[in-house]
Amino acid sequence: CSRTLARTGCRNVCSSPSRLQSMSAWVIDQYGSSGVLRHTEEITIPTINFAHDVMIKVSAASLNPLDVNMRGGYGAALLNIRRDPLSMLNSFSEFPLILGRDLSGVVVDCGSGVTHFAPGDEVWAAIPPWKQGSLAEYVTLTEYEVSYKPKSLSHIEAASIPYVANTAFSALVNTGGLCRENSSNKRVLITGASGGVGTFSIQLLKAWGAHVTVTCSQNAEGLVRGLGADEVVDYTSGDVAEKLEVMQRFDVILDNVGGDTEEWAIGLLKPWSGAKYVTLVSPLLLNTDSMGLLDGTLNAGLTLHNKAFQNITSSGVFYRWAFYAPDGPALDEVSRLVDAGKILPVVEAQFPFTQVPQAFQKLEQGHARGKTVVKVA
Ligand code: NDP
């Protein structure tokens, strides 16, 4: 693993922008619709606080549905506990809050314990949702969350990948049990395949040799076939479940749509063979927001337990929820696949930093075909 190669060039350096005090960023000061986004030049620069911190000058960021949801307050109850575990005792506020989960940029400073990166390195990363985001000039992360950017991509292209890649790894690898070594004889169904997570997942699974069936709108068929999808089912004409039922059963289903999808999708898995249904659309954060942390977590846990129990006992299939998880080493692997030409960025739209509200509006219109990227610098 390239992470075992220690780099010795990191230290706190005088070239650091830490002598500057403020930076440009898009922030929100309250939760709400697009009107709450505010541009400011007066956000304190996030300098190095810990030995393993890496400070990055952001070149490009991208938006995900999570940004629109977080702008409206989604997940605030759980994320605030992570931001400040003592928030019930202190007068903590998450505002001004910076959105944006993906970045591509250049390292400008490192903590004394950082061994893998040095100032000047071009990197990419996905930012945990409890940290300040990438719609800003600078971001500071731990070195575990950061990875070398693929050399073959521009910053704009690179910024479209980290969050969906880390989400796909979490769902397909950590939760779905797939990996490079075991995917070649697997049949995988991806619902909602034309968006950010779907377009990445198709390519990852094809790079690992899986057979990939997808659902999407008819007008996205060319896109997903171009990325490698073997079978494409149009969910906008006719009964999607009926069309899938005549196909061979699946080993893994990645559900990017949620809602009633699980009612017809789980029956498409191979019974009693370790097959897994993995959904990215779970009620956990909605529950903690509406019921409070304890009741919301308990309620979600009970729902998950009941569904998992019912599915394993009735048909021997695993029912699982997956969540985005920051993972620099997974991005290292993605970087190699990108530079080998196995994974392409899918940038549907790009906006200058002055037009972040317009980028949010684009995302809110739905019907994504890949990713929306913001050029920060
Ligand atoms: P996008 O908005 O990028 O893509 C969603 C895609 O699904 C669009 O292309 C849309 O196109 C398509 N779509 C909508 N309805 C259907 C349907 N019924 N059948 C098939 N396709 C459909 O979202 P992402 O790919 O970024 O994320 C997918 C989901 O996963 C989102 O709900 C997101 O919130 C969630 N997510 C959860 C994470 C977690 O940690 N749990 C992490 C990341 C994402 P069209 O409407 O034109 O068909």
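What follows is calculated from the coordinates using simple rules that are stated; it is not laboratory data. Every value quoted in this text rests on a predicted model; they were computed, and no experiment measured them. Heads up, the Cβs are rebuilt from the backbone with ideal geometry, glycines too, and the neighbour counts pull from every protein chain shown.
Values as computed for the structure displayed
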| read-out | value |
| --- | --- |
| Average Cα contact separation per residue, the chain, under 8 Å, 6 or more apart, as relative contact order % | 19 percent |
| Per-bin percent of Cα-Cα distances, the chain [20 Å] | 28, 58, 14, 0 |
| For G226, net neighbour charge (Lys/Arg +1, Asp/Glu -1) across residues whose Cβ lies under 12 Å away | +2 |
| Ranked packing of 135-143, 367-375, 302-310, most packed first, by mean Cβ within 10 Å | 135-143, 367-375, 302-310 |
| Cα long-axis angle, helix 293-315 against the chain (0 to 90 degrees, to the nearest 10) | 30 degrees |
| Gyration tensor verdict on region 150-288 (Cα atoms; rounded if a/c is under 1.5, prolate if a/b is larger than b/c, oblate otherwise) | rounded |
| Count, lysine Cα pairs under 13 Å in the chain, 8 or more residues apart or across chains | 7 |
| Under 12 Å, Cβ to Cβ, from V252 - net charge with Lys/Arg +1 and Asp/Glu -1 | +4 |
| Size of electric dipole in the chain: Cβ of Lys, Arg +1 and of Asp, Glu -1, about Cα centre, debye, nearest 20 | 700 debye |
| Cleavage-rule hits, trypsin sites (Lys or Arg not before Pro), region 93-153, DSSP coil, Cβ neighbours within 10 Å at most 11 | K151 |
| GNM top mover of I45, I253, I161 - the chain, alpha-carbon springs below 10 Å | I45 |
| Charge-dipole axis of the chain as Lys and Arg at +1 and Asp and Glu at -1 on Cβ define it, positive-most pick from Y74, G113, S217 | G113 |
| Options N306, Y235, V347, ranked by Cα towards positive dipole end of the chain, top entry (Cβ charges) | V347 |
| Part-to-part distance (alpha-carbon centres) for region 105-124 and region 202-225, which is given in Å | 35 Å |
| Relative contact order, percent, region 250-377 [alpha-carbon distance under 8 Å, six or more residues apart] | 18 percent |
| Burial order of peptide ranges 208-214, 33-39, 351-357, 54-60 (average beta-carbon count within 10 Å, highest first) | 54-60, 208-214, 351-357, 33-39 |
| Inter-probe distance in nm under a simple model that places probes 7 Å from Cα toward Cβ, at L86 and K243 | 5.7 nm |
| Residues whose placed amide H lies under 5 Å from that of V232, excluding near-sequence neighbours | V214 |
| Nearest 10 degrees, 0 to 90: helix 196-207 Cα axis against the chain principal axis | 70 degrees |
| Cβ-defined net charge surrounding D102, 13 Å radius [Lys, Arg +1; Asp, Glu -1] | +2 |
| The chain - share of DSSP beta bridges that are antiparallel (%, nearest 5) | 55 percent |
| Region 166-252: GluC sites (Glu not before Pro) in DSSP coil with no more than 14 other Cβ atoms inside 10 Å | E181 |
